[in-house]
Ligand code: 6OG
């Protein structure tokens, strides 16, 4: 099969605030045991932006003014569809962050955060790339630099990256 013929739409949302990045430790399902943004499948009749807000609320308890910032395309062996993931970001949020059945939220320190935020960063661990999907280390710098980006990653059966490409959309 050709990956572009059978794809499913997913979302992933990241909160970046005061020199910190909010991730969730996935407690069940696909990607269990890994840290990721908050997200999931786009339901029929829903836009990706609506799904992103719904999933963020379901998995972390908060709402946020999410902005679309990237599109990622993943091909995983033994899964008969490709993942098309719309990535969203926000620098503010409303509500109280809670642990849910699916995710345990945790703040991480951003690299090279500005001096005024250092107090906030105290005691926070760096972004746990060793416990994230292997593609994340390549596009996370683009997300953190507020760029718009696109990419594709093909995995092998062990979850290693076989081939990949990620790039920023040129800024005008
Ligand atoms: P649910 O199973 O919760 O949706 N996702 C990926 N994220 C990254 N960074 N890399 C991948 O490489 C991914 N594959 C899927 C999309 C799954 C969630 O996991 C994300 C969704 O937010 C293969 O419904």
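Read the figures in this text as sums done on the coordinates, not as results from a lab. Given the structure is predicted, the values throughout are model-derived calculations rather than measurements. Don't worry about glycine lacking a Cβ; one is built from the backbone with ideal geometry, like all the others, and counts go over all protein chains shown.
Counted residue by residue at 0.36 nm each, then reduced by the alpha carbon distance between them, the extension gain from residue 97 to residue 28 reaches 23.0 nm.
Relative to the longest principal axis of the Cα atoms of the chain, the long axis of helix 48-60 lies at roughly 60 degrees. For segment 83-172, the alpha carbon convex hull comes to 164 Å³ per residue, rounded to a whole number. Packing, as the average of other Cβ atoms within 10 Å across residues, places the peptides 23-36, 52-65 in the order 52-65, 23-36, highest first. Each of residue 18 and residue 57 was given a label point 7 Å from its Cα along the Cα-to-Cβ line. The distance between the two points is 2.5 nm. The chain has equivalent-ellipsoid semi-axes of 25, 18, 16 Å, by the square roots of 5 times the alpha carbon gyration tensor eigenvalues, sorted largest first. Residues of segment 16-34 falling in the label zone of residue 124, defined by backbone nitrogen less than 16 Å from a point 7 Å along Cα to beta-carbon, are 16-25.
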